[in-house]
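**Student:** Submitted below is the structure of interest, expressed as structure tokens.
The values are calculated or read from the model by the stated rules, or taken from the named source; none is laboratory data. All values derive from a computational prediction rather than experimental measurement. Quick reminder, even Gly has a Cβ in these numbers, built from the backbone with ideal geometry, and neighbours come from all protein chains shown. Remember, those area values only see protein heavy atoms, side chains included, never the ligands or the DNA or RNA. Shrake-Rupley method; radii C 1.70, N 1.55, O 1.52, S 1.80 Å.
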Amino acid sequence: MTEAPLHSPRSRAALKVCGECNLCCTVYDTPDMGKKAGQTCQHSKSDGGCGIWGLHPESCQDFKCLWLKHDDLNGLWRPDTAGFVMRFEAEGNSLCVDVDPQRPNHWRREPYYDQLKLWSEGIRRGDSRVLVYAVEGLYVVTPDEDLLLRKPRRGDRLETGMEYTLFGLTPFARIVPAAQIRQLKRA
């Protein structure tokens, strides 16, 4: 007699595809197409999806949102349902939420907001952070509060973490302008 395994292996979810979802075609710059963030790509179909799929620029082909990449994000997290696109920044420790300008507050709805708050716990350990790129600016989501900053410009540095204040250990976020960084390097 053979014994059943203690844990059955987790089956991999069926391959996710963009389908009618094309929110990334709105929230991101696409220099190859001359398109700015916030504008809908000229090749987006009115019923969703890409009108030039298969011939779309390499930058579009290379991009995969977190919903596509991660099996554990169900259909509620599909960008056209959620109202935002999630990605990791290049250094890998920032979860970025890029908000649909037509639905600027959807990231604050449930179940999304509670989950973003849970993920933001990493700021306390200094190993990760949650950044929400909204129309009005950049939110650094922390377990305690959402810190609103202006959006960083090219060359600016975003600094986040925890610092001791009169009120105890408190989250902070600030933008260090590129000009100030250059000045400090010269000194």
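**Student:** Tell me which of these TYR133 doesn't satisfy, since it passes every other one: (1) open to solvent by 40 Å² or more (accessible area, probe 1.4 Å); (2) more than 18 Å from LEU66 (Cβ to Cβ).
**Tutor:** With respect to (1) open to solvent by 40 Å² or more (accessible area, probe 1.4 Å); (2) more than 18 Å from LEU66 (Cβ to Cβ), TYR133 is out only on (2).
**Student:** Look through LEU148, LEU138 and report the one residue that is open to solvent by less than 40 Å² (accessible area, probe 1.4 Å) and under 27 Å from LEU23 (Cβ atoms). Quick ask: steps written out before the conclusion?
**Tutor:** On the way: LEU148 fails: open to solvent by less than 40 Å² (accessible area, probe 1.4 Å).
Matching residue, one of LEU148, LEU138: LEU138.
**Student:** Search region 89-100 for residues that are among the hydroxyl-bearing types (Ser, Thr, Tyr) and pair each with any residue that is modelled with pLDDT of 90 or more when their beta-carbon atoms are under 6 Å apart and the residues are at least 6 apart or on different chains.
**Tutor:** SER94/ARG129; SER94/LEU131
**Student:** So, in region 25-45, of the ones that are of a type in the set (Ser, Thr, Tyr) and either more than 18 Å from the chain's Cα centre (by Cα) or in a loop (DSSP other than H, G, I, E, B) (or both), which residue ends up nearest to ARG87 (Cα to Cα)? Break it down into steps so the answer makes sense when it comes.
**Tutor:** From region 25-45, those of a type in the set (Ser, Thr, Tyr) are 26, 28, 30, 40, 44; that's our starting set.
Then keep just the ones that are either more than 18 Å from the chain's Cα centre (by Cα) or in a loop (DSSP other than H, G, I, E, B) (or both); that gives 28, 40, 44.
Details: TYR28: 12, THR40: 19, SER44: 21 Å.
Among those that are of a type in the set (Ser, Thr, Tyr) and either more than 18 Å from the chain's Cα centre (by Cα) or in a loop (DSSP other than H, G, I, E, B) (or both), it is TYR28.
**Student:** Which pairs do you get when a residue that is outside any helix (DSSP H, G or I), found in region 167-187, comes within reach of a residue that is loosely packed, with under 10 Cβ neighbours inside 10 Å and of a type outside the set (Phe, Trp, Tyr), reach meaning Cβ atoms under 7 angstrom, with the pair 6+ apart or on two chains?
**Tutor:** If the second residue must be loosely packed, with under 10 Cβ neighbours inside 10 Å and of a type outside the set (Phe, Trp, Tyr), the pairs left are THR170/GLU163; PHE172/GLU163.
**Student:** Within the set of pairs 6+ apart or on separate chains, which have a first residue in region 28-41 that is within 17 Å of TYR133 (Cβ to Cβ), a second that is open to solvent by 40 Å² or more (accessible area, probe 1.4 Å) and outside any loop (DSSP other than H, G, I, E, B), and C-beta atoms under 8 Å apart?
**Tutor:** Final answer for the pair search is THR30/SER59; THR30/CYS60.
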